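Colleague: Dropping the structure in here first, questions after.
The values are calculated or read from the model by the stated rules, or taken from the named source; none is laboratory data. Nothing here was measured: the structure is a model prediction, and the numbers come from that model. Please note: Cβ atoms are built from the backbone with ideal geometry, for glycine as well, and neighbour counts cover all protein chains shown.
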Ligand SMILES: Cc1cc2nc3c(=O)[nH]c(=O)nc-3n(C[C@H](O)[C@H](O)[C@H](O)COP(=O)(O)OP(=O)(O)OC[C@H]3O[C@@H](n4cnc5c(N)ncnc54)[C@H](O)[C@@H]3O)c2cc1C
């Protein structure tokens, strides 16, 4: 356990302050938001403490969210590849893995991540304090440790990076052994043959891919009328088709009425009168900011009905010395964004806050099977705004690299302005889409006329690569111009 220092290290912040604090900055939460802030503040020579109530660092991102779900998906994706490649599996019965089998790989990755991230705090001399934090006032935080002892520490500034948790409606019994949320699903002890997933957002769709890839029957209940409606329609339609083609039963525009859980099954009743029976329910419909235990009023703060905090573009709350980053501030609720928000908040707290600007074009990475990634505008947004755009497409099945790796499902679409040729949006569907998109993102962010589609036809790409999709799509798009 880290001993809390009561003296202040020399730093510009405390030298100029009348009142002496234990720390320049206290951060609550060691997810990507807290870590991004801590590392940046440490580089600014600030005296920083980070408080975490879980026994290991890494946040929900490492323990319950991004990392385990991506590790599970990777195992399932390799299993599918193995079973579908005649070179490895010629006529024998398909290899079978259970959810528990693939969880062991996820646990190994989590262990490595925790080790790595603990090292960051140690090397950068950030004090890691284990305990539950709450506010005493706007400069003082109370820490309740596991042994029930209580400690108070003070700081000039505080960052709330406490993340979010799955939303639990009151009338569903999440203590029942057949009812899970996206955190508790990682404790699944039996091997279900049939799962109902309620909520077809990113988390629900990703878990639908994972379970279906393991050969489990999946009913995916969508409260909206199309899957992931924030995506370009073609991407959303492609996902619907592939989940359907793989045997996932998708029910759109439905609302849960009640859940009946017994010793041998769970029955979900929908408001439309339909009912479904399965071995378990994964409820993945909404998240709530982790603010209920923070005693926010003591610091002069108030969360909204979803437990989220309002911040300005520097991630400063309504109380000027308190900042908030990551899921606790709501949209986009991504680990990628949380890390950057932490960095921006740390810069905004410094004397030179001129670099404190978050890039607005945050890419989307959805690790369904197949994967989806996009950056910039959708066709629907450009049409609505009456922008004269053109489309360039490349199909993975025509690329040598995709043929070699046997990843033939997928496509890349570039949307560009037909007069200036400026890239306006990039949408990728298929294996490694989340990696591929970054090539286009880098060009999109060029300034002084450097962000045009012509870059892709004037540049030599390694061959064979998936990056070649950009060249093929650019040629396809430019050929449409007249
Ligand atoms: C299943 C799933 C899959 C996801 N996949 C992706 C993905 O592929 N890509 C992506 O970018 N994002 C993904 N996300 C979202 C991503 O995990 C979150 O956006 C990210 O973790 C938010 O980071 P954070 O720092 O705000 O909070 P968190 O990572 O949740 O960390 C918050 C930390 O604060 C601690 N804490 C809370 N309250 C207190 C307190 N009072 N005292 C002390 N400590 C406290 C918590 O224990 C936790 O460790 C996924 C989420 C889920 C659930």
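Colleague: Out of (1) within 16 Å of the ligand (Cβ to nearest atom); (2) more than 22 Å from residue 97 (Cβ to Cβ), what's the single condition that is false for residue 197?
Modeller: With respect to (1) within 16 Å of the ligand (Cβ to nearest atom); (2) more than 22 Å from residue 97 (Cβ to Cβ), residue 197 is out only on (2).
Colleague: Quick check on this structure: which one of 150, 57, 136, 48 is touching a strand residue (DSSP E or B) at 6+ places or on another chain (Cβ under 7 Å) and free of Cβ contacts under 8 Å to residues at least 12 places away in the same chain?
Modeller: Unique residue meeting the criteria: 150.
Colleague: Hey, another quick one. Residues to consider are 109, 136; find the one that is surrounded by fewer than 18 Cβ atoms within 10 Å (Cβ to Cβ), within 14 Å of the ligand (Cβ to nearest atom) and part of a helix (DSSP H, G or I).
Modeller: Among 109, 136, only 109 is surrounded by fewer than 18 Cβ atoms within 10 Å (Cβ to Cβ), within 14 Å of the ligand (Cβ to nearest atom) and part of a helix (DSSP H, G or I).
Colleague: Another question, if that's okay. For residues in the stretch 373-425 being touching a strand residue (DSSP E or B) at 6+ places or on another chain (Cβ under 6 Å) and part of a helix (DSSP H, G or I), which is nearest to residue 472 (Cα to Cα)?
Modeller: Step by step, filter the stretch 373-425, then rank; the result is 396.
Colleague: Here's a follow-up. Could you pull out the residue among 105, 128 that is free of Cβ contacts under 8 Å to residues at least 60 places away in the same chain and either closer than 23 Å to residue 69 by Cα or touching a strand residue (DSSP E or B) at 6+ places or on another chain (Cβ under 6 Å) (or both)?
Modeller: Answer to the selection: 105.
Colleague: Something else: I'd like to know if the stretch 11-24 contains one or more residues that are within 16 Å of the ligand (Cβ to nearest atom), outside any helix (DSSP H, G or I), over 30 Å from residue 246 (Cβ atoms) and without any contact (Cβ under 8 Å) to a residue 60 or more places away in the chain.
Modeller: Looking for residues that are within 16 Å of the ligand (Cβ to nearest atom), outside any helix (DSSP H, G or I), over 30 Å from residue 246 (Cβ atoms) and without any contact (Cβ under 8 Å) to a residue 60 or more places away in the chain, one finds none in the stretch 11-24, hence no.
Colleague: Look through the stretch 180-194, keep the residues that are within 15 Å of the ligand (Cβ to nearest atom) and in a loop (DSSP other than H, G, I, E, B), and return whichever of them is surrounded by the most Cβ atoms within 10 Å (Cβ to Cβ).
Modeller: 182
Colleague: Further question on the same structure: Can residue 102 be described as under 30 Å from residue 346 (Cβ atoms), within 16 Å of the ligand (Cβ to nearest atom) and either buried (at least 22 other Cβ atoms within 10 Å of the Cβ) or modelled with pLDDT under 95 (or both)?
Modeller: no
Colleague: Oh, and also: Say we look at the stretch 69-80 and pick out the residues that are in contact (Cβ under 8 Å) with a residue 60 or more places away in the chain and within 19 Å of residue 217 (Cα to Cα); which of these is nearest to the ligand (Cβ to nearest atom)?
Modeller: 69
Colleague: Pick from 369, 362: which is modelled with pLDDT under 95, in contact with a helix residue (DSSP H, G or I) (Cβ under 8 Å, 6 or more places away or on another chain) and within 30 Å of residue 211 (Cβ to Cβ)?
Modeller: Among 369, 362, only 362 is modelled with pLDDT under 95, in contact with a helix residue (DSSP H, G or I) (Cβ under 8 Å, 6 or more places away or on another chain) and within 30 Å of residue 211 (Cβ to Cβ).
Colleague: Now for a separate question. Determine whether residue 272 is part of a loop (DSSP other than H, G, I, E, B) and more than 16 Å from the ligand (Cβ to nearest atom).
Modeller: So residue 272 passes the test.
Colleague: Mind checking which residues of the stretch 302-331 are more than 13 Å from the ligand (Cβ to nearest atom) and touching a residue at least 24 places away in the same chain (Cβ under 8 Å)?
Modeller: 306, 313, 314, 316, 317, 319, 321, 322 - these are the residues of the stretch 302-331 that are more than 13 Å from the ligand (Cβ to nearest atom) and touching a residue at least 24 places away in the same chain (Cβ under 8 Å).
Colleague: More than 16 Å from the ligand (Cβ to nearest atom) and modelled with pLDDT under 95 - does that describe any residue in the stretch 46-68?
Modeller: no
Colleague: Taking only pairs six or more apart or across chains, which ones have beta-carbon atoms under 6 Å, a first residue in the stretch 359-371 that is closer than 15 Å to residue 333 by Cα, and a second residue that is within 13 Å of the ligand (Cβ to nearest atom) and part of a loop (DSSP other than H, G, I, E, B)?
Modeller: Between residues of the stretch 359-371 that are closer than 15 Å to residue 333 by Cα and residues that are within 13 Å of the ligand (Cβ to nearest atom) and part of a loop (DSSP other than H, G, I, E, B), the close pairs are 362/332.
Colleague: Looking at (1) away from the ligand (no atom under 16 Å from the Cβ); (2) buried (at least 21 other Cβ atoms within 10 Å of the Cβ); (3) over 23 Å from residue 163 (Cα atoms), which is the one condition that is false for residue 349?
Modeller: Among (1) away from the ligand (no atom under 16 Å from the Cβ); (2) buried (at least 21 other Cβ atoms within 10 Å of the Cβ); (3) over 23 Å from residue 163 (Cα atoms), the lone unmet condition for residue 349 is (3).
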